[in-house]
Amino acid sequence: MKVTITKSDFDKILVHARKEAPLEACGLIAGSDHDGIREIQKVYLLTNVDHTSEHFSLDPKEQLSAVLDMRKSGLKPLGNWHSHPASPSRSSQEDIRLAFDHTASYLILSLMDDAHPVLHSFHVENGVSEQEELVIVE
Ligand SMILES: [Zn+2]
């Protein structure tokens, strides 16, 4: 699966994640899915109700209003994103354990290297996390 995200949505995630650090930041992604390309058209910034630097839980109320907004906007839920303030962009054991949807893309933004934030997308199925192709488009 190839995933695309616009530069401005990438920046939106980055600004929010930097603001929330050292806590993990999180949210949802939505858009369209066709011909093997998953196009992110909107990102949602949600509250990490865990308020920790090691894992995240999406605020259920915000999650509901985001899903309603997706329906209203004709966007498909594509997965979620979260930040790793001090670790690399790869799925932790906890991330894999909590990734229930194998049709979703799981984006992880690493802020470990301040000057070079790294965003990767993962497909998780049967306890295995595989990196997907992620392209940042203008
Ligand atoms: Zn994680």
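What is the residue count in segment 35-85 for residues that are touching a Phe, Trp or Tyr at 6+ places or on another chain (Cβ under 6 Å) and part of a helix (DSSP H, G or I)?
Step one: list which residues in segment 35-85 are touching a Phe, Trp or Tyr at 6+ places or on another chain (Cβ under 6 Å), which gives 48, 50, 66, 79, 82.
Next, only the ones that are part of a helix (DSSP H, G or I) stay: 66.
Within segment 35-85, residues that are touching a Phe, Trp or Tyr at 6+ places or on another chain (Cβ under 6 Å) and part of a helix (DSSP H, G or I) number 1.
Results for (1) touching a Lys or Arg at 6+ places or on another chain (Cβ under 6 Å); (2) at pLDDT below 95, shown as yes or no for each residue.
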site: THR4; (1), (2): no, no
site: LYS7; (1), (2): no, no
site: HIS16; (1), (2): no, no
site: LYS19; (1), (2): no, no
site: GLU24; (1), (2): no, no
site: ALA30; (1), (2): yes, no
site: GLU39; (1), (2): no, no
site: VAL43; (1), (2): yes, no
site: HIS51; (1), (2): no, yes
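Out of the residues in segment 83-138 that are aromatic (Phe, Trp, Tyr) and in contact (Cβ under 8 Å) with a residue 12 or more places away in the chain, state the one that is farthest from SER53 (Cα to Cα).
Filtering segment 83-138 for residues aromatic (Phe, Trp, Tyr) gives 100, 106, 122.
Imposing the further condition that a residue be in contact (Cβ under 8 Å) with a residue 12 or more places away in the chain reduces the set to 106, 122.
Details: TYR106: 18, PHE122: 20 Å.
Step by step, filter segment 83-138, then rank; the result is PHE122.
Filter segment 60-94 for residues that are of a type in the set (Lys, Arg) and over 14 Å from the mean Cα position of the chain (by Cα) and give the result. If you could, list the steps in order and put the result at the bottom.
Applying the first criterion (of a type in the set (Lys, Arg)) to segment 60-94 yields 61, 71-72, 76, 90.
LYS61, ARG71, LYS72, LYS76 - these are the residues of segment 60-94 that are of a type in the set (Lys, Arg) and over 14 Å from the mean Cα position of the chain (by Cα).
Pick from LEU75, LEU45, LEU111: which is within 16 Å of the ligand (Cβ to nearest atom), under 20 Å from ILE5 (Cα atoms) and not basic (Lys, Arg)?
Within the list LEU75, LEU45, LEU111, the selection yields LEU111.
To keep it simple, each residue is scored yes or no on (1) under 14 Å from the mean Cα position of the chain (by Cα); (2) farther than 15 Å from LEU78 by Cα.
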{"position": "ILE96", "(1), (2)": "yes, yes"}
{"position": "ALA99", "(1), (2)": "yes, no"}
{"position": "LEU107", "(1), (2)": "yes, no"}
{"position": "HIS116", "(1), (2)": "no, yes"}
{"position": "PHE122", "(1), (2)": "yes, no"}
{"position": "GLU130", "(1), (2)": "no, yes"}
{"position": "VAL137", "(1), (2)": "no, yes"}
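Please enumerate the residues belonging to segment 44-57 that are aliphatic (A, V, I, L, M) and over 11 Å from ALA25 (Cβ atoms).
So the first thing to find is which residues in segment 44-57 are aliphatic (A, V, I, L, M), and the list is 45-46, 49.
VAL49 - this is the single residue of segment 44-57 that is aliphatic (A, V, I, L, M) and over 11 Å from ALA25 (Cβ atoms).
Do you know which of the residues in segment 78-95 that are surrounded by fewer than 19 Cβ atoms within 10 Å (Cβ to Cβ) and near the ligand (Cβ under 9 Å from one of its atoms) is modelled with the lowest pLDDT?
Among residues in segment 78-95 that are surrounded by fewer than 19 Cβ atoms within 10 Å (Cβ to Cβ) and near the ligand (Cβ under 9 Å from one of its atoms), the one modelled with the lowest pLDDT is GLU94.
Which residues, taken from segment 98-108, are away from the ligand (no atom under 12 Å from the Cβ) and of a type in the set (A, V, I, L, M)?
Start the filter on segment 98-108 by keeping residues that are away from the ligand (no atom under 12 Å from the Cβ), which leaves 100-105.
Listed by number, the list holds a single entry, ALA104.
Condition first: of a type outside the set (Val, Ile, Thr), within 24 Å of ASP114 (Cβ to Cβ) and surrounded by fewer than 14 Cβ atoms within 10 Å (Cβ to Cβ). Now tell me which residues in segment 34-53 satisfy that.
Within segment 34-53, just HIS51 meets the criteria.
What residue, of VAL67, VAL124, is within 20 Å of VAL3 (Cβ to Cβ) and surrounded by fewer than 18 Cβ atoms within 10 Å (Cβ to Cβ)?
None of the others qualify; the one that does is VAL67.
The values are calculated or read from the model by the stated rules, or taken from the named source; none is laboratory data. What you are looking at is a predicted structure, and each value in this text was computed from that prediction instead of being measured. Every residue, glycine among them, receives a Cβ derived from its backbone with ideal geometry; neighbour counts consider all protein chains shown.
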